[in-house]
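**Student:** Sharing a structure, written as structure tokens. Questions coming.
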Amino acid sequence: MGDLLPSIFVIIAVAAMLGGLASLWLSLTLTLSDEATVGARARLTSDARLALLTEKEALLQEIRDIAFEHDAGKLSDVDYEEINAKLRGQARHVLHELDAGAEGFRDEAEALIAKKLEEAR
Amino acid sequence: MYWGPPPGCGGSNTMPALDIPFFGTLVLSLTLISASYTMAVAIGAGTGRPHLLPSARWGTYATVALVVVAVCVLAYAFQVHDFRIRYVARYSDRSMPWWYLIASLWGGQDGSLLWWAFLLSGYTFFVTRWLRGRYTELQPWVLATLMSILIFFIVLMLFAANPFATYIRTTPGDGEGLNPLLQNYWMAIHPPSLYMGFVGWAVPFAILIAALITGRLGNEWVRAARLWSMIAWTFLSLGLLLGCLWSYEELGWGGYWAWDPVENASFLPWLVGTAYLHSVLIQERRHMMKVWNVFLLALTFFLTIFGTFLTRSGLIASVHSFARSDIGQYFVWYMAFLIIAIAALMIWRLPKLKADNEIESLVSREFAFLLNNWVLLGMMVFVLIATTFPLLSEWVRGEEVTVGPGFYNKWMVPLGIVLLFLAGLGPLIAWRKATGSKLARAMAFPIGVGVSVAALQFLFGARFGYPPIVEPTEIYDTTTGTVLAWMAAVAPLVSFATCAFVLASVGQEFWRGMRVRMRKGESAGTAIFRLVSKGRRRYGGYIVHIGIVLMFIGFTGAAYDVEQEKALRPGETMAIGDHTVRYDQPRMEADPNKRMIFTDMTLLDASGAENGQVAPAKFIYRTHPQMPTTEVAIRSRLSEDVYVIMSTVDPSTRRGTFRVIIRPLVAWIWFGGIVLLFGAILGMWPTTREFVREEATRVRPRRFRFSPAGAIVALAIIVASMMAWVGVASAQDDTSSSLHAGTVVINNPIERQLFGRLLCQCGDCARLPLDTCACGWADDKRVEVRELLASGVEPSQIQDSYRAQYGAKALAIPSDKGLDRALWAVPVASMVLAIGLVVMMGRRWQRQGVRAHAEASVTTNAELAYDSRLDEELERLEDG
């Protein structure tokens, strides 16, 4: 093993150096061109959607947690009702936002399908 | 393949060679350029040019790759013994096996900085992969912050501690070799895991900075930082635990924690990080404590840098700090920059950090978490002040002092027990407001168990070797000293009872949860399985608490240590506790690296039957003959460890001097550590649903489902498993280094108390008190002190005269007078002030009641439809 190690380190170093230089080149190319702009904007939209999905996930977990605490006798009925109503209100709001966001995607998807169908004809 | 040094430069090959030192420095310079470029592009992406984000990501990958190259170059230089490089020559030699040559990478200062940068690059790579397609607003600033931290370390290497620096004149034919203390398996796993913990906090810190800059200070950043802070905390815990094992089995201090400045440096961020992990739960659940959480996370990261500074600068004497160097000033500037930048960002974003809710009751889980934070921060202040007190004393009044383990143990034990109690209390209290009757019902069983255990120990403890109250030992001859001594004396009773209380509390939580599920028709097995798998974070946290309890049981065992030192000839025995130890014979072995002198010993039980073998030893390394290491032998059982140290052996007469310590319950610490790690990993392990959602959001379908978060959690499991394996495998053989060789005789409690306060001044073992140091100087001094005591001189007078003769630093604990009193008075005062503030604010909040706050609501009439969708989602969550 001791004899092999120098060669292993050289191979890793060469591979990492090539990978590093290639990544740097790619980065520079992207910095100097406008090609990535459209993709970046699309990702921003998808990120906003992802944030909403994460928010929804967290709220669902929280609703489940307080239900569990209520069942385990750690949360009074009054407190449970109040917190549950609040969390559900927030979750409904998030679902609404997600639906509203999806509308835009739906229009875009329909337009793309229509375009493809047109091209196919 | 050979890139080695040219002939005559310390290499062993004559092939044409690349100039490795130059190449290494060149790679570091390229890394600096790449990291600076990436930071600039990332800032561009964060300031209205989102199309630059892919460039920043690729720039990050390039920077990471270049750091890998630099590490490989140094690792290669070690393997081919390129002694042109000063660092290679100082920390390796030709006789070292390949695995120690790898460990040498982080064995010294310069290399450990490169290792820091390497681990940071590893984290950066994983976090960049993980961020792909998520948190786009935060992402540029996360990358920019990580790059800025990396830039600091590269600048440090290039301008102050270059691991590729060469000798100016001649190149040595062979290296100096790695310090014998570091030539063991612990070196391969302890520093990397500790660094992983230190460096890991950079990621949640970067996410926090991104949130502060972008103003997105809701729960988004908390969720983004959750996994990464858990990973950092787990590695830091693992690193600390391995450090304890190393101390116990390797360094021969006779203990697992010596409150050494470097140990303390890693404990500080752990304390604050733990406070953050609890406090952030309040923000997630109640949308409050936002400023506090920002402060705690920033402080945790700051303390990792401060800890690195303490370790690297050599400002404070430590058994394993690196040599004094000029990198300290770089750290001071960087820390100053961090303080200013964080403070400025927090002040700027203060309006966005307002809480949405207030604490409604002092009897609520929120308040219990606040108290938990109070104790953890109080402990941090204690350790911080005590660690830096020698330095402060020298600066302020020009007098060197020493703060020994006795001080820490006396103050930290009560605080630790309070913290433990809160770990059991927290789960019993409801969020927002607990009613008296419900709380009483929830606490009845755990308190009953705690009181029962205390009663049992009171009645039968002494019979089984665990008396409820131990002999009080005073560190001061003042009222404070007496109070502390009595608190320590009753600590075993209180600690065991509190451990039982917490175990019962956690057990009750599992039981209550199971019952809830069983009411829905699930069997007991299914209920417990689903309970844990559906609430991994919550139950993982409870398992961590169980691990802490088990560790506390082990810590409490230290109150019952029995110790004896005796000179024996082959065939002679010494009795200690229920054990008899027989010295059989000395034995010599050798390998290319060292000579080893073992002393074979047999453990005998009460009936005289053989009950195991141990072989403590001395290792004399070829490169460091002046530093013989003492190899401790341990026979470990769940009830107790038999810990044997060979102090001296005379080759001609074969007479040896042995120190035997019976350490009850130590194995519980390691067992508890494994349980803690298991709980932590369980708590952060992503659920199937999270995996599925993660993949569903990907833009492109992928055949291989690679989850960076999953991968790094898997890495945590691998390292934890290694630790468990090593811990078990090494139960019998271990190593340590102590230069002393002699006998410690202590005749009575007064001698023990006094010797414990006086530090040996022989020059080699300045940190050891006279009750443990076995060198000739210490032995002579003990005889002298004994004579003074016999002639009627008061212990306090002897202590004062010792201080007058050798200076304040010769006392293990500063006096309880004048400015020395600030050592405990400042942390106690700050804790009292903090608890006063917490209670006052809690009362004010309570009076104000719930503040009305804007609540998001849907204005459409589709509420019922949404509710039914929510119910479907909740069902899916339950089944998923």
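**Student:** Counting only C-alpha contacts under 8 Å and six or more residues apart, can you give the relative contact order of chain B as a whole percent?
**Tutor:** Numbers: 1473 pairs, mean separation 97.3, N = 880.
Across chain B, relative contact order equals 11 percent.
**Student:** Give me the extension gain from B:Ile339 to B:Leu415: residue separation times 0.36 nm, minus the current Cα-Cα distance, reported in nm with one decimal.
**Tutor:** On the way: separation 76, 0.36 × 76 = 27.36 nm, distance 2.82 nm.
Gain on extension, B:Ile339 to B:Leu415, equals 24.5 nm.
**Student:** Same structure again: Give me the Kirkwood hydrodynamic radius of chain B, using the inverse of the mean 1/r over all pairs of distinct Cα atoms, in Å to one decimal.
**Tutor:** Working: mean 1/r = 0.0338 Å⁻¹.
Roughly 29.6 Å, rounded to one decimal.
**Student:** When the convex hull of the Cα atoms of segment B:453-534 is projected onto a plane and the area is averaged over all directions, what value comes out in nm²? Before the final figure, lay out each step's value.
**Tutor:** Details: hull surface 33.5 nm².
Taking a quarter of the hull surface, the average projection is 8.4 nm².
**Student:** How large is log10 I(q)/I(0) at q = 0.24 Å⁻¹ when the Debye formula is applied to the Cα atoms of segment B:203-271, each weighted equally and without solvent?
**Tutor:** For segment B:203-271, the Cα-only Debye profile gives -0.96.
**Student:** Suppose only helical runs count, i.e. DSSP H with n ≥ 4. What mean residue ellipticity at 222 nm does that imply for chain B under -39500 (n - 2.57) per run, divided by all residues and rounded to the nearest 500 deg cm²/dmol? Don't skip to the end; give the middle numbers.
**Tutor:** Values: 26 runs with 518 residues, N = 880.
My calculation for chain B gives -20500 deg cm²/dmol from helical runs alone.
**Student:** Work out the FRET efficiency for B:Glu399 and B:Ala829 from their Cβ-Cβ distance, taking R0 = 30 Å, and round it to the nearest 0.05.
**Tutor:** Taking R0 as 30 Å, the efficiency between B:Glu399 and B:Ala829 is 0.85.
**Student:** Using the beta-carbon distance between B:Ile168 and B:Leu392 and R0 = 22 Å, what value does 1/(1 + (r/R0)^6) give for FRET efficiency, to the nearest 0.05? Let's see the in-between values first.
**Tutor:** Details: r = 38 Å, r/R0 = 1.71.
The pair B:Ile168/B:Leu392 has a calculated efficiency of 0.05.
**Student:** Also: Would you work out which of B:Leu833, A:Gly20, B:Ile813 lies farthest towards the positive end of the dipole of the protein assembly as shown? Charges go on Cβ: Lys and Arg +1, Asp and Glu -1.
**Tutor:** A:Gly20
**Student:** Now a separate question. For segment B:183-358, what are the per-bin percents of Cα-Cα distances with bins 10 Å wide, up to the bin holding the maximum?
**Tutor:** Percent of Cα pairs in each bin: 10, 35, 32, 17, 6, 0.
**Student:** Run through all the Cα pairs of segment B:555-638 and give the fraction in each 5 Å bin from 0, expressed as whole percent.
**Tutor:** Computed distribution, short to long bins: 3, 13, 19, 21, 16, 13, 9, 5, 1, 0.
**Student:** Filter the cross-link list B:Lys410/B:Lys809; A:Lys56/B:Lys534; B:Lys290/B:Lys410; A:Lys56/B:Lys290 down to pairs whose alpha-carbon distance in this structure exceeds 27 Å. It would help to have the intermediate numbers written out before the result.
**Tutor:** Details: B:Lys410/B:Lys809 19 Å; A:Lys56/B:Lys534 17 Å; B:Lys290/B:Lys410 34 Å; A:Lys56/B:Lys290 21 Å.
With Cα atoms farther than 27 Å apart: B:Lys290/B:Lys410.
**Student:** Expressed in nm to one decimal, what extension gain is obtained for the pair B:Asp19 and B:Met841 from 0.36 nm per residue of sequence separation less their Cα-Cα distance?
**Tutor:** 289.5 nm is the gain from fully extending B:Asp19 to B:Met841.
**Student:** Could you please report the charge total around B:Gln799, scoring K, R as +1 and D, E as -1 over all other residues with beta-carbon less than 15 angstrom from its beta-carbon?
**Tutor:** Combined, the nearby Lys, Arg, Asp and Glu give -1.
**Student:** In a solvent-free Debye calculation with one equal scatterer on each Cα, what is log10 I(q)/I(0) for segment B:1-178 at q = 0.09, 0.14, 0.16, 0.19 Å⁻¹, listed in the order of the q values?
**Tutor:** For segment B:1-178, the Cα-only Debye profile gives -0.36, -0.72, -0.86, -1.08.
**Student:** Then there is this: Taking every alpha carbon pair in segment B:85-134, what does the distance histogram look like in 10 angstrom bins from 0, in percent?
**Tutor:** Cα pair-distance distribution for segment B:85-134, in percent: 24, 36, 22, 14, 4, 0.
**Student:** Semi-axes, largest first, in whole Å: what does sqrt of 5 times each Cα gyration tensor eigenvalue give for the protein assembly as shown?
**Tutor:** Values for the protein assembly as shown, descending: 50, 39, 26 Å.
**Student:** Positive end of the dipole of the protein assembly as shown, charges at C-beta (+1 Lys, Arg; -1 Asp, Glu), about the Cα centre: which of B:Leu428, B:Val581, B:Ile447 has its Cα farthest in that direction?
**Tutor:** Farthest along the dipole direction, towards plus: B:Leu428.
**Student:** Using r as the Cβ-Cβ distance of B:Arg587 and B:Ser868, and R0 as 60 Å, what FRET efficiency do you calculate, to the nearest 0.05? Mind showing how you got there, number by number?
**Tutor:** On the way: r = 79 Å, r/R0 = 1.31.
Calculated value: 0.15.
**Student:** Further, regarding this structure: Select from B:Phe598, B:Ala500, B:His51 the residue farthest towards the positive end of the dipole of chain B; place +1 on Cβ of Lys and Arg, -1 on Cβ of Asp and Glu, and compute about the Cα centre.
**Tutor:** Positive-most Cα among the choices belongs to B:His51.
Each reported figure results from applying straightforward, stated rules to the coordinates on display, with no laboratory input. Everything numeric here is computed off the predicted structure, so don't read it as measured data. Note that we place each Cβ from the backbone using ideal geometry, even for glycine, and neighbour counts take in every protein chain shown.
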